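*Asks:* Dropping a structure here in structure tokens format, bear with me for questions.
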Amino acid sequence: MQRIVVTAQFHGMAAQPSGKPPQTDPRATSVSVEASTSDGSPFGIEQASYLNHVTYTGDSTFAETGTISFGDADGELDIVTVGEGTLGPSADADLLHGAVIYRITEGRGRFEDASGLITSNFLLRPGTGEFEERQLAVVFLP
């Protein structure tokens, strides 16, 4: 069993939610990614991106599914929220602050049969749909 720790910073866009219940499809590309094995060796991820689908379940809660892709077809992770994410006001009136935990449901490529959890903390500019996000993943590979 191999354990990988991935930290990533993303910048992305999300259209204004629409429909009943409100939904949107945020997408983002990494600004930086660091990955290492449990012994501290580099794991060799240079880029990550994702396309997710968000369904709002309440005024400040949401469920999310999606796929994180690494490099040029290097591997993918399918994810789903654990419980619900949260999004609400922040100390900066121009930003909403959110957080969510994802469970890895499937992996492909070098992430075949992966499992693990990912935490996300993000800031959203509701007027433009721009957001910045930090993710921390602990990924187990067989």
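*Asks:* Kindly list, by first and then second residue, each pair from a residue in segment 114-142 that is free of Cβ contacts under 8 Å to residues at least 24 places away in the same chain and part of a loop (DSSP other than H, G, I, E, B) to a residue that is surrounded by fewer than 15 Cβ atoms within 10 Å (Cβ to Cβ) and of a type in the set (Val, Ile, Thr), limited to pairs with Cβ atoms under 8 Å and residues at least 6 apart or on different chains.
*Replies:* Cβ pairs passing all conditions: none.
*Asks:* Any residue at all in segment 72-85 that's buried (at least 16 other Cβ atoms within 10 Å of the Cβ), in contact with a Leu (Cβ under 7 Å, 6 or more places away or on another chain) and within 19 Å of residue 23 (Cα to Cα)?
*Replies:* No: segment 72-85 contains no residue that is buried (at least 16 other Cβ atoms within 10 Å of the Cβ), in contact with a Leu (Cβ under 7 Å, 6 or more places away or on another chain) and within 19 Å of residue 23 (Cα to Cα).
*Asks:* Looking at (1) surrounded by 13 or more Cβ atoms within 10 Å (Cβ to Cβ); (2) under 18 Å from the mean Cα position of the chain (by Cα); (3) modelled with pLDDT of 95 or more, which is the one condition that is false for residue 3?
*Replies:* (2)
*Asks:* For a quick check of your reading of the model, give me the residue pairs whose first member lies in segment 40-63 and is farther than 26 Å from residue 21 by Cα and in a loop (DSSP other than H, G, I, E, B), whose second is among the aromatic types (Phe, Trp, Tyr) and open to solvent by less than 30 Å² (accessible area, probe 1.4 Å), with beta-carbon atoms closer than 6 Å and at least 6 apart or on different chains.
*Replies:* Note: pairs meeting the criteria are 45/70.
*Asks:* Could I ask something else about it? Specify which of the listed residues (62, 43, 131, 122) is touching a Ser or Thr at 6+ places or on another chain (Cβ under 9 Å), over 16 Å from residue 3 (Cα atoms) and hydrophobic (A, V, I, L, M, F, W, C).
*Replies:* One residue alone meets the criteria, 62.
*Asks:* Kindly evaluate residue 122 against the criterion of being open to solvent by 20 Å² or more (accessible area, probe 1.4 Å), under 15 Å from the mean Cα position of the chain (by Cα) and among the hydrophobic types (A, V, I, L, M, F, W, C).
*Replies:* Criteria met by residue 122.
The values are calculated or read from the model by the stated rules, or taken from the named source; none is laboratory data. Worth saying up front: this structure is predicted, and the values here are computed from it rather than measured. All Cβ positions, glycine included, derive from the backbone under ideal geometry; neighbour counts span all protein chains shown. When the accessible area is computed, the model is the full protein with side chains, heavy atoms only, and any ligands, DNA or RNA have been set aside. Shrake-Rupley method; radii C 1.70, N 1.55, O 1.52, S 1.80 Å.
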